[in-house]
Amino acid sequence: MHVGGEVDVRSAYCAASVASLTNIITPTLFEGTPSWILRCQNWEGGLGGVPGLEAHGGYTFCGMAAMVILGKEHMLDLKSLLRWVTSRQMRLEGGFQGRCNKLVDGCYSFWQAGLLPLLHRALFKEGDSTLSMTSWMFEQQALQEYILLCCQNPAGGLLDKPGKSRDFYHTCYCLSGLSIAQHFGSRDFHHELILGKEENRLAPTHPVYNICPDKVAQAIEHFHQLPVPEQKEAAADAPDVS
């Protein structure tokens, strides 16, 4: 993610995420980025890490979320993307695979399922009248069953799949996916589907940033009171005409 290092849609998403939360997006900062991300969408419908690679759940989320942040999600072939991601939920396991012909993996509970709220919003903006007003476009209960029944280590922590070791990465994204599967809508229009006991309920997570919505609101409220850096520099360089 630096000059001479790796270059893929993860860095585009990280940059767009931080820049939008801290209010430093300028007209030139992401010039050309949406067009480059668009080239990462391939014939499968999902996005690869760079143009020409196979579609992958993590890269697809990063690319789509970056496009949402930049207000350019309409540039993508949304229907093709929807077909690809909904086909990644495993019929028997209930969890998601990251690529075609791969095994289920707990971390894609967020990378794939987290795409569905973004697609729901994008298709709603395009006037799709067939969208549900109570659920996302995947089997939310089946995903919860996979996470709760197959991904928990009895000693704590969550994992890729039964037989694998627990780790912080899969713990994070299994929980993030569980939150997506439990909550539909926004603060004003909210529908919940909680599998099992009430203690299984998690707080909602923001589908773009994957942090609590109130934290997103706090960041935006704080940083949007500050001037955008280029505007501040331009004001400092302006001649004194008083």
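The values are calculated or read from the model by the stated rules, or taken from the named source; none is laboratory data. Treat the numbers as computed from the prediction; the structure is a model and nothing was measured. We place every Cβ from the backbone using ideal geometry, glycine too, and count neighbours over all the protein chains shown. Side chains included, ligands, DNA and RNA excluded: accessible areas come from the protein's heavy atoms. Shrake-Rupley method; radii C 1.70, N 1.55, O 1.52, S 1.80 Å.
Details
- Packing here is the average count of other Cβ atoms within 10 Å per residue, and on that basis the peptides 42-55, 154-167, highest first, run 42-55, 154-167.
- Between the amide H of M90 and those of G95, F96, Q97, distances stay under 5 Å, these residues lying 5 or more places away or on another chain, with hydrogens modeled in the peptide plane.
- Site pair F189 and C212 shows an inter-label distance of 2.6 nm when each label is modelled 7 Å from Cα along Cα→Cβ.
- A convex hull fitted to the Cα coordinates of the chain yields 167 cubic angstrom per residue.
- Across the accessible surface of the chain, with the other protein chains kept in place and a 1.4 Å probe, carbon and sulfur atoms take up 56 percent.
- Secondary-structure-derived ellipticity at 222 nm for the chain, considering helices only, amounts to -13000 deg cm²/dmol, per-run term -39500 (n - 2.57) for DSSP H runs with n ≥ 4.
- Full-stretch length increase - L226, D128 - with 0.36 nm per residue and alpha-carbon distance subtracted: 31.6 nm
- Residue-normalised accessible area of the chain, expressed per residue, 1.4 Å probe, Å²: 54
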